[in-house]
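All remarks here apply to the structure that follows.
The values are calculated or read from the model by the stated rules, or taken from the named source; none is laboratory data. Everything quoted here is computed from the prediction, not taken from an experiment. Because the Cβ atoms are built from the backbone with ideal geometry, glycine has one as well, and the counts that use them run over all protein chains shown. Please note that ligands, DNA and RNA were not included when accessible areas were found on the heavy atoms of the full protein model with its side chains. Shrake-Rupley method; radii C 1.70, N 1.55, O 1.52, S 1.80 Å.
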Amino acid sequence: MKLDRYRTRAGLAVAATLPLVAGALAMGIPSAQAASHTRETIADTKPAWATASADRGTASSSTTVRARVYLAGRDAQGLAAYARGVSDPSSATYGKYLSAQQVKARYGATRAQVAAVTAWLKSSGLKVTASTAHYIAVSGDQAAVHKAFGTTLHNYTKAGRTYHAPAGDATVPASLDGAVLTVTGLDNAPALATHDGVTGAGTTRAAALQTATPDVMQPTAKQLPPPEAAFVNAGPFSSYYGSNTDSKLPEAYGSHAAYVVKGYTGTQLRSVYGAGKYTGKGATVAIVDAYASSYIASDAATYAKRNGDAKYAAGQLTQVLPAKYNSIASCGAAGWYGEETLDVEAVHALAPAAGITYVGAASCNDDDLMDSLSKIVDNHLADIVSNSWSGSELGETADQVAAYDQIFQQGAVEGIGFYFSSGDDGDQATATDPANVGSPVNSDWVTAVGGTSVAIGKKNNYEWETGWGTDKAALSDDGTQWTGFPGTFNGGAGGGTSTLVAQPYYQKGVVPAALSKAGGGKAMRTVPDIAAVADPNTGFLMGETQTFPDGVRYGEYRIGGTSLACPAIAALQADVQQARGGIPVGFANPAIYDRYGTPSLHDVTDHPLGQNQGIANVRVDYANSTDASGGLLTSIRTFGTDTSLHATVGYDDVTGVGTPGDGYVASYKPNKG
């Protein structure tokens, strides 16, 4: 599927711009450069798409900005240093986590800093609209923006539309003495995230603590639209991988391919990924998505009962919801219900005793998603956080990076680990854009989760995996061939090499130079870090209330995407926490890379049956997505064909260090003496 994301976090490359002084004179106000000796620059707060060639002149004096000024706190460098030490098994401070209160006291902004920043913003003519422990939100016009940040606003064309953006990087008074971390929101281009779930059809499925099971309270549910149109899998199916073939169909790769499975369950996935006796007891997994499904409690309970998962205990599933939602239409709110449902059911299936806290964002905007992440850190709502949304590094700016990374570092210091899906569109290359990685999954402070296709045998045994990458070819009208076999790209796990983030220490000696230096020059961050099942053709059976032609009701269907892989890994990390005697892993990458090349990980390749042996399976879909009345569509789907990305021996840019094996969870048990 084509990942559709509009996060406007443009690249950090230096762009040619109109001279700042010219913009200032056009406004009839003094140049910021004249007072540069009293100000400090917030680097790269001007988006890269705001180029001289795209400049359409100074924005109207009435242009309104709604921005956030993020606070650096007492010791930003100390925070990053402690986050590294507490996460590194070789460090003397490993595992010596701080409480949320201790983090605030040691690293949070002081009252004096908040007061000084607030006074400066107000004196500039900006209106303070909100103030939290992390940022001060403001609004104001062109003149106030210039007075506060030392830059004018210009209009720029981007993707055929016009947006305002700063003509130069924002500056702040040096007298604030480093109190400002970054400034976001000085441009008004869309910043909307999309979820990464993929149905069997191969398409995107796009407060106070409310505690209840099976009836999760949702005081704001009336704001949201009804469930999306239903999707139903058509048969035939294999009862386990490879069990059902049809000799009347054309061959693929020299043999008859088997029909797809109906959808794996928690029992099967726990078996192949080494969960063993562990259930995640004592751990809590937070899930961050936008909006919330009003059917989640009943859907989760029904699914567990029908598919052999443990019954939810009272209070095991909780939600943290905003008082009000926004951007409902532009974010496609109903498309996020399936994401929440998949994440909840996948976590419970692989860690049936773990607590699950769903933290719904008020929208799919960066600001609202970051607010949800901050709630988790500020209140230590969980030790493990699953995030099944991603975007393009091409849309990334340093202002958002700094704000996200501060949250991730604070979480690491508390023993909280953040997991992000790597995306479902391979290298994300298009006719106009080069290959690039996702964001914020490219952060060196999160665990990037890639995806695989997995074959599970009759006895729930692990047979093989490939990197998830699918080409699709339809059955010809006369049924004698797969038209254009192997077909066209239909979806695959995201991955690749960042052009913005330097290689973190834990990847050194593991990631091949051919990948880390793919862009030339110094070694850079490569994603993913680890992987799990994602291919919707070998995916997870999910139960969700949907809108069918005859009404709204519960139904089950097979789903995949790295939106499945991410909560699966998060759940296994809950099992790991139990194996560690309840001690959180925190930021997991250093510990994960310590296991590289050991039997605790499956080393996944695209050709597990032999270097020249391709693999495929057959899928039949309803043309109208719900029943046979509109006819059937039969196609062949390949394995291990992920754009320019390849799963190879050792670390690779589809599966990272591999997938959890039989000994993965148990490998975290403390040594006895």
Expected sort for 148-161, 240-253 on mean C-beta neighbours within 10 Å, highest first, is 148-161, 240-253
Ordering 325-335, 295-305 by per-residue average of other C-beta atoms within 10 angstrom, highest first, gives 295-305, 325-335
Expressed as a percent, the accessible surface of the chain that is carbon or sulfur, using a 1.4 Å probe and the full set of protein chains, is 53 percent
Of the candidates 660, 261, 571, the farthest towards the positive dipole end of the chain (Lys/Arg Cβ +1, Asp/Glu Cβ -1, centred on the Cα centre) is 571
Per the 1/(1 + (r/R0)^6) rule, R0 = 25 Å and r from the Cβ atoms of residue 598 and residue 522, FRET efficiency to 0.05 is 0.30
Checked against the structure, the computed Kirkwood radius over Cα pairs in Å among [x] 30.7; [y] 34.8; [z] 25.5 is the one labelled [z]
Ordering 646, 195 by the accessible surface of their heavy atoms, 1.4 Å probe, largest first, yields 646, 195
Taking r as the C-beta separation of residue 629 and residue 38 and R0 as 51 Å, the FRET efficiency to the nearest 0.05 is 0.10
The ³J(HN,Hα) series, computed from each phi in the stretch 475-492 with the Karplus coefficients 6.51, -1.76 and 1.60 at θ = phi - 60°, rounded to the nearest Hz and given as x for glycine or proline, is 5, 5, 4, 8, x, 9, 7, 8, 4, x, 3, x, x, 10, 4, 10, x, x
Heavy-atom accessible area of residue 375, protein chains in place, probe 1.4 angstrom, given in Å² to nearest 10, is 50 Å²
Amide H proximity to residue 525 below 5 Å, modelled H, separation 5+ or other chain, gives 498, 501, 502, 503
Here the stretch 562-570 yields Karplus 3J(HN,Hα) values (6.51, -1.76, 1.60; θ = phi - 60°; whole Hz; Gly and Pro given as x) of 5, 5, 8, 4, 5, x, 5, 5, 4
Taking 0.36 nm per residue of separation between residue 463 and residue 478 and subtracting their Cα-Cα distance, the length gained on full extension comes to 2.0 nm
For 66, 553, 39, 558, the accessible-area ranking with a 1.4 Å probe, largest leading, is 66, 553, 39, 558
Honestly the stretch 526-673 on the Cα gyration tensor test (a ≥ b ≥ c root eigenvalues; a/c under 1.5 rounded, otherwise a/b vs b/c for prolate or oblate) is just oblate
The answer for trypsin sites (Lys or Arg not before Pro) in the stretch 414-508 that fall in a DSSP coil and have at most 15 neighbouring Cβ atoms within 10 Å is 458, 459, 508
Between residue 290 and residues 5 or more places away or on another chain, the pairs with built amide H atoms under 5 Å apart involve 361
Within the chain, the cysteines whose Cβ lies no closer than 4.7 Å to any other cysteine Cβ are 566
Rounded to the nearest 5, the percent of antiparallel DSSP beta bridges in the chain equals 70 percent
Projecting the Cα atoms of 313, 94, 592 onto the charge dipole of the chain, where Lys and Arg contribute +1 and Asp and Glu -1 at Cβ, the residue farthest towards the positive end is 94
The chain accessible area per residue, 1.4 Å probe, protein heavy atoms, integer Å², reads 36 Å²
Scalar couplings 3J(HN,Hα) for the stretch 39-55 by Karplus 6.51 cos²θ - 1.76 cosθ + 1.60 (θ = phi - 60°), nearest whole Hz, x for Gly and Pro, are 10, 10, 8, 8, 4, 6, 7, 8, x, 5, 6, 7, 9, 4, 5, 8, 6
For residue 537, the net charge from surrounding residues (Cβ-Cβ under 10 Å; K, R +1; D, E -1) works out to +3
Quick calc: nm separation of the 7 Å Cα→Cβ label points for residue 431 and residue 552 -> 4.0 nm
Sorted list, accessible surface of protein heavy atoms, 1.4 Å probe, largest first, for 366, 141, 371 is 141, 371, 366
Using a 1.4 Å probe on heavy atoms of the protein chains only, the accessible area for residue 445 in Å², nearest 10, reads 40 Å²
Listed by chain and number, the lysines with an alpha carbon less than 28 angstrom from that of residue 248, same-chain partners under 8 positions apart left out, are 262, 458, 459, 472
